[in-house]
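The values are calculated or read from the model by the stated rules, or taken from the named source; none is laboratory data. Note that the structure is a prediction, hence the values are computed from the model and not measured. Please note: Cβ atoms are built from the backbone with ideal geometry, for glycine as well, and neighbour counts cover all protein chains shown.
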Amino acid sequence: MRKQKGFSLIELLIVVAIILIIAAIAIPNLLRSKMSANNSAAASTMRTINTAQVTYSTSYPTNGYSPDLVTLGPQTAAATPCDASHACLLDGVVACTAGVAGTACPKSGFNYYIKSESAGVPYGDYTATADPITWDSTGNRTFCSLADAVIKSHTGATASVGGPVAAADCGTPGTYDPIQ
């Protein structure tokens, strides 16, 4: 009689089945972990935007707060110094060129917006918003912040806002509550 070497088909199928069961358990946890990391990154980016707004209003007091993300971002030409139109306070990802007039700047699964609450210079107030690009996939919380720099999240949201949050909505307790 010859001695068999290797694995039988049944043994290989059992190993594949075990791997699939482990993957079925691990992948949802991985996706939840990624969504949680995106939520944390969004809250951190909101803090950065608030800090940039305070720095901008201190550096350029005649302008008040920045009316959009582009104004807080870097210059487009490398040799051009930072000024009131491009303050170099945010990176080029958060302060994308699309960030004018309430359009989105995507980063880490969220769209970021700044909406000026004033009609003109000096801009006395703003609302910053972070909204998941794909609800329950890239994130499950919408964040907003006013000029008071308190970051709030939507407590009962079931879907993405899809744009900048109005100041009245961001300031409504029970809808948007400060993050812990």
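Values computed for the structure shown
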item: Residue in the stretch 64-91 that is surrounded by the fewest Cβ atoms within 10 Å (Cβ to Cβ), counting only those that are in contact (Cβ under 8 Å) with a residue 60 or more places away in the chain and either over 20 Å from ALA167 (Cα atoms) or in contact with a strand residue (DSSP E or B) (Cβ under 6 Å, 6 or more places away or on another chain) (or both); result: GLY64
item: Selected residue [surrounded by 12 or more Cβ atoms within 10 Å (Cβ to Cβ) and not in a helix (DSSP H, G or I)] from ALA95, ALA43; result: ALA95
item: Filter result (under 18 Å from ALA104 (Cα atoms) and either at pLDDT below 90 or among the charged types (D, E, K, R) (or both)) within the stretch 141-169; result: ARG141, ALA159, SER160, VAL161, GLY162, GLY163, PRO164, VAL165, ALA166, ALA167
item: Whichever residue in the stretch 36-63 is touching a strand residue (DSSP E or B) at 6+ places or on another chain (Cβ under 9 Å) and among the β-branched types (Val, Ile, Thr) and, among such residues, is farthest from ALA149 (Cα to Cα); result: THR45
item: Test: residue in the stretch 28-35 that is within 19 Å of the chain's Cα centre (by Cα) and closer than 23 Å to ALA147 by Cβ; result: no
item: Condition check for THR48: in contact with a Pro (Cβ under 7 Å, 6 or more places away or on another chain) and touching a residue at least 24 places away in the same chain (Cβ under 8 Å); result: no
item: Residue count for the stretch 99-133, restricted to those that are touching a Ser or Thr at 6+ places or on another chain (Cβ under 8 Å), part of a loop (DSSP other than H, G, I, E, B) and polar (S, T, N, Q); result: 1
item: Answer residue from the stretch 134-180, given it is assigned to a strand (DSSP E or B) and among the hydroxyl-bearing types (Ser, Thr, Tyr) and is surrounded by the fewest Cβ atoms within 10 Å (Cβ to Cβ) among those; result: SER153
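Rundown of residues vs (1) touching a helix residue (DSSP H, G or I) at 6+ places or on another chain (Cβ under 8 Å); (2) buried (at least 16 other Cβ atoms within 10 Å of the Cβ); (3) hydrophobic (A, V, I, L, M, F, W, C), yes/no style:
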site: SER59; (1), (2), (3): no, no, no
site: ALA104; (1), (2), (3): no, yes, yes
site: LYS107; (1), (2), (3): yes, yes, no
site: PHE110; (1), (2), (3): yes, yes, yes
site: TYR123; (1), (2), (3): no, yes, no
